[in-house]
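**Student:** A single structure is presented below for examination.
The values are calculated or read from the model by the stated rules, or taken from the named source; none is laboratory data. All values reported here derive from a predicted model rather than from experimental measurement. When we count neighbours, we look across all protein chains shown, and the Cβ atoms used for this are built from the backbone with ideal geometry, even at glycine.
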Amino acid sequence: MTSRLVQATSRFRSSVTQVVRKNISNKRFKDEHISLLLCLHHGLIFSQVMEKPCILATTLGAPGGIYKCFEPCIEKHFTIIPYERFVQMKEDFADKIQAVFVWGPDAIKVDQNLLQSLPKLKAVVNGGVGVDHLDIPLINSFGVKVTNTPGVVDNATADIGMSLMLASARKIVEGHNFSKFRESDYFPKSSLGTDVSGATLGIIGMGRIGYKIAKRAQGFEMKILYHNRNRRPESEERAVGATYCASLKELLQRSDFVMVVVSLSPETRKLIGAKEFAMMKPNSTLINISRGLVVDQDALVDALQKKMIRAAALDVTYPEPLPRDHPLLSFPNVIVLPHLGTHTVETTQIMVERMVTNALAAITGGQLPDEVEA
Ligand SMILES: O=C(O)C(=O)CO
C-alpha cells in the first residue's frame, strides 16, 4: 500500500513538473502563476524546475527595467530571480542564489543583510565600470567576488560625453523645445551657441573613457588638456595630442569645455565645487559623465545663477533621476539626462554577455575575467 502511494506521488510530481516546465519554457505562465505554483508545490518540484544556477537580478523586472529584453542571454545559463520575487519568497530562494546582478548605482543595496541571507553567493556581478555603489571589502569578507565590465562601456560613454558637449554648445535641446513649443517665429538671438571646433577641451580623468573622448575631440580639431593622477605620455599625449595639466586649476582656467570622467572615490567626491567654479571661464561649459557626487550640485546651481559658467550638461546627478522640482532643471542652459552613458542595444548586449561570463566563472571556480579588487 505504502509503495503504491509512493509511486503515485512520484508520478504526480513528475507530471506536475513536466507541465510547469513546458509552460515556463513556452512562456505561457506569467510570473505570478509561476510564483504560485512554486509555492503550492514547493518541495515537490522546486529542485527540478531550478536546475540551472540562480542569479538574483536586482532591476531586471523593475518598471522600465531596460535589461528585461536581454533576459534570454542570461536564461541560457541561469534561472533569474527578480529582486521583487526574492523579497516575497526569501526562504525559498536564499540558498539557491549564487550570483547577484546589479546595474550601476542600482536601487538595491548589496549590504550586510542581503549578504548574510545568501549563503551560496559567489559573486556580485556589476554591469558597467563604476563600482562606487558596492562595498567591496564587505562583499569580499563574505568570500564573495566582485566583477564589472571594463572596456565594454568606453565607446558608448564617450559618445554620450560628446553628445552632451555638442548639444549644449549648439543649443540642441533649446532649439528642439523652441520648434515644439514656440511662442514666436524667431529663435532668440541671445540663444546663439558656441563653437566646439577649435575650442579647448579639458578632460578630468584620463582613463579608457577619457582617452576615447580625446580621440573624438581630435576629430573636432579641439585643443585637448587633461588632468589625471598619473601622466600618460605614451598612449594619451602622443596618440591624441593631449597636454597634461599637473594642476586641476590650470585645466579649469584654460578650458572652454570641462568634461568630468573620473570615477567616484573619497578623493573625487565633490571634486568640482565653489572654488573650482570660480576658476572656470565665464563662457565655459561643465559636462559630467562620471558620477553625480563628483560635482557639488548646490555649488553648480550657485555658479549658474551667478553666470560664473555658460552652461552645464549632465548625464549623472544625485539622486538619479533628479526630483522634478530640482533647481538644476529650471535653467534653460542645463541639460540633464537620466544616466544614459551605456544605454545602447549593442553595448548593453555585450555588457550582459560579459556579466554572464563573469558569473559562470565565479560559480565554477574559474578565472574571473573582470574581478575588481578592493
Ligand atoms: O559604466 C558605468 O559605470 C557607467 O555609469 C556608464 O555611464
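**Student:** Could you please find all residues in the range 123-143 being on the phi < 0 side of the Ramachandran plot and either within 13 Å of the ligand (Cβ to nearest atom) or crowded, with 22+ Cβ neighbours inside 10 Å (or both)? Walk me through how you get there before you give the answer.
**Tutor:** The first filter runs over the range 123-143 and keeps only residues on the phi < 0 side of the Ramachandran plot, leaving 123-127, 129-142.
Matches in the range 123-143: 123, 124, 125, 126, 127, 129, 130, 131, 132, 133, 134, 139.
**Student:** Moving on. Just to be sure before I move on: is residue 118 away from the ligand (no atom under 15 Å from the Cβ), in contact with a helix residue (DSSP H, G or I) (Cβ under 8 Å, 6 or more places away or on another chain) and either of a type in the set (Gly, Ala, Ser) or touching a residue at least 40 places away in the same chain (Cβ under 8 Å) (or both) in the structure I sent?
**Tutor:** The answer is yes for residue 118.
**Student:** If you don't mind, another one. When the residues of the range 274-325 are filtered to those that are free of Cβ contacts under 8 Å to residues at least 24 places away in the same chain and over 19 Å from residue 164 (Cα atoms), which remaining residue is farthest from the chain's Cα centre (by Cα)? It would help to see each step written out before you state the result.
**Tutor:** Within the range 274-325, the subset free of Cβ contacts under 8 Å to residues at least 24 places away in the same chain is 275, 298, 305-306, 321-325.
Those left that are additionally over 19 Å from residue 164 (Cα atoms): 275, 298, 305-306, 323-325.
Working: 275: 29, 298: 23, 305: 30, 306: 32, 323: 19, 324: 21, 325: 24 Å.
That would be 306.
**Student:** State the number of residues belonging to the range 100-132 that are farther than 29 Å from residue 269 by Cβ and of a type in the set (Gly, Ala, Ser). Talk me through it step by step, then tell me what you get.
**Tutor:** Let us first name the residues in the range 100-132 that are farther than 29 Å from residue 269 by Cβ, namely 117-120, 122.
When the remaining residues are screened for being of a type in the set (Gly, Ala, Ser), the result is 117.
Residues meeting the conditions: 1.
**Student:** Let me ask you something else. If you go through the range 286-296 one residue at a time, how many are in a loop (DSSP other than H, G, I, E, B) and among the small types (Gly, Ala, Ser)?
**Tutor:** 1
**Student:** Identify, by number, the condition in (1) within 26 Å of the chain's Cα centre (by Cα); (2) closer than 23 Å to residue 304 by Cα; (3) of a type in the set (Asp, Glu) that residue 256 doesn't meet.
**Tutor:** Condition (1) is where residue 256 drops out.
**Student:** For the range 284-322, which positions are under 14 Å from residue 337 (Cβ atoms) and basic (Lys, Arg)?
**Tutor:** 291
**Student:** Only one residue in 146, 102 is touching a helix residue (DSSP H, G or I) at 6+ places or on another chain (Cβ under 6 Å), part of a strand (DSSP E or B) and within 16 Å of the ligand (Cβ to nearest atom). Which one?
**Tutor:** One residue alone meets the criteria, 146.
**Student:** Tell me the residue from 255, 290, 265 that is crowded, with 19+ Cβ neighbours inside 10 Å and within 15 Å of the ligand (Cβ to nearest atom), please.
**Tutor:** 290 is the lone residue from the list that is crowded, with 19+ Cβ neighbours inside 10 Å and within 15 Å of the ligand (Cβ to nearest atom).
**Student:** Condition test on residue 361, is it surrounded by 21 or more Cβ atoms within 10 Å (Cβ to Cβ) and either more than 23 Å from residue 160 (Cα to Cα) or within 16 Å of the ligand (Cβ to nearest atom) (or both)?
**Tutor:** no
**Student:** What is the number of the single condition among (1) within 20 Å of residue 169 (Cβ to Cβ); (2) surrounded by fewer than 15 Cβ atoms within 10 Å (Cβ to Cβ); (3) touching a Leu at 6+ places or on another chain (Cβ under 8 Å) that residue 221 does not meet?
**Tutor:** (3)
**Student:** Moving to a separate point now. Determine whether the range 192-214 contains at least one residue that is within 16 Å of the ligand (Cβ to nearest atom) and in a loop (DSSP other than H, G, I, E, B).
**Tutor:** The first filter runs over the range 192-214 and keeps only residues within 16 Å of the ligand (Cβ to nearest atom), leaving 203-205, 207-213.
Now restrict to residues that are in a loop (DSSP other than H, G, I, E, B): 205, 207.
Among the residues of the range 192-214, at least one is within 16 Å of the ligand (Cβ to nearest atom) and in a loop (DSSP other than H, G, I, E, B), which makes the answer yes.
**Student:** Inside the range 316-346, can you point out the residues that are among the hydroxyl-bearing types (Ser, Thr, Tyr) and surrounded by 15 or more Cβ atoms within 10 Å (Cβ to Cβ)?
**Tutor:** Matches in the range 316-346: 317, 342, 344.
**Student:** I need the full set of residues from the range 297-355 which are within 16 Å of the ligand (Cβ to nearest atom), out of contact with any Phe, Trp or Tyr (no Cβ under 8 Å at 6 or more places or on another chain), among the polar types (S, T, N, Q) and part of a helix (DSSP H, G or I), in order please.
**Tutor:** The one that is within 16 Å of the ligand (Cβ to nearest atom), out of contact with any Phe, Trp or Tyr (no Cβ under 8 Å at 6 or more places or on another chain), among the polar types (S, T, N, Q) and part of a helix (DSSP H, G or I): 347.
**Student:** Separate question: Using the structure shown, decide if residue 131 is out of contact with any helix residue (DSSP H, G or I) (no Cβ under 7 Å at 6 or more places or on another chain), within 30 Å of residue 257 (Cβ to Cβ) and part of a loop (DSSP other than H, G, I, E, B).
**Tutor:** On the way: out of contact with any helix residue (DSSP H, G or I) (no Cβ under 7 Å at 6 or more places or on another chain): yes; within 30 Å of residue 257 (Cβ to Cβ): yes; part of a loop (DSSP other than H, G, I, E, B): yes.
Criteria met by residue 131.
**Student:** Would you point out which residue out of 364, 342 is under 24 Å from residue 58 (Cβ atoms) and out of contact with any helix residue (DSSP H, G or I) (no Cβ under 8 Å at 6 or more places or on another chain)?
**Tutor:** Criteria check complete, one pass: 364.
**Student:** So, one more: Name the residue, out of 281, 270, 275, that is at pLDDT 95 or above, among the charged types (D, E, K, R) and under 19 Å from residue 336 (Cα atoms).
**Tutor:** Going through 281, 270, 275 in turn, just one is at pLDDT 95 or above, among the charged types (D, E, K, R) and under 19 Å from residue 336 (Cα atoms): 270.
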